[in-house]
């Protein structure tokens, strides 16, 4: 069963996480506050896959980028929003800065 995945952050970890989920057949949306970083996601994923000898086109086609997830209110299959998912994560794990102190 294919799920839609949201990755927050398009840097070194984010684009790699997006690549793994997309290669597994999931549709992925990547968001980052730095728009310039979003513009490099497809290129970096394609380069990674080419180094592995894999065809990057089907994987890159499953990845989209957006500067904000605000317009993706119904990204989850059950109709919950990404904001609901992030709120649930914050409730579960708490504020990292508070725990770090």
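The values are calculated or read from the model by the stated rules, or taken from the named source; none is laboratory data. Every value quoted in this text rests on a predicted model; they were computed, and no experiment measured them. Neighbour counts run over all protein chains shown; Cβ positions are idealised from the backbone, glycine included.
Structure notes:
- Scanning the range 57-70 for residues that are at pLDDT 95 or above, in contact with a helix residue (DSSP H, G or I) (Cβ under 6 Å, 6 or more places away or on another chain) and either more than 18 Å from residue 9 (Cβ to Cβ) or not in a strand (DSSP E or B) (or both) gives 59, 60, 62.
- Of residues in the range 22-36 being crowded, with 20+ Cβ neighbours inside 10 Å and more than 17 Å from residue 48 (Cβ to Cβ), the one farthest from the chain's Cα centre (by Cα): 32
- If the condition is being farther than 19 Å from residue 67 by Cα and either modelled with pLDDT under 90 or part of a helix (DSSP H, G or I) (or both), then the range 23-56 contributes 23, 46, 47, 48, 49, 50, 51.
- Of all residues in the range 4-15, those that are part of a helix (DSSP H, G or I) and under 9 Å from the mean Cα position of the chain (by Cα) total 2.
- Selection within the range 1-19 - out of contact with any strand residue (DSSP E or B) (no Cβ under 6 Å at 6 or more places or on another chain) and crowded, with 16+ Cβ neighbours inside 10 Å: 9, 15, 19
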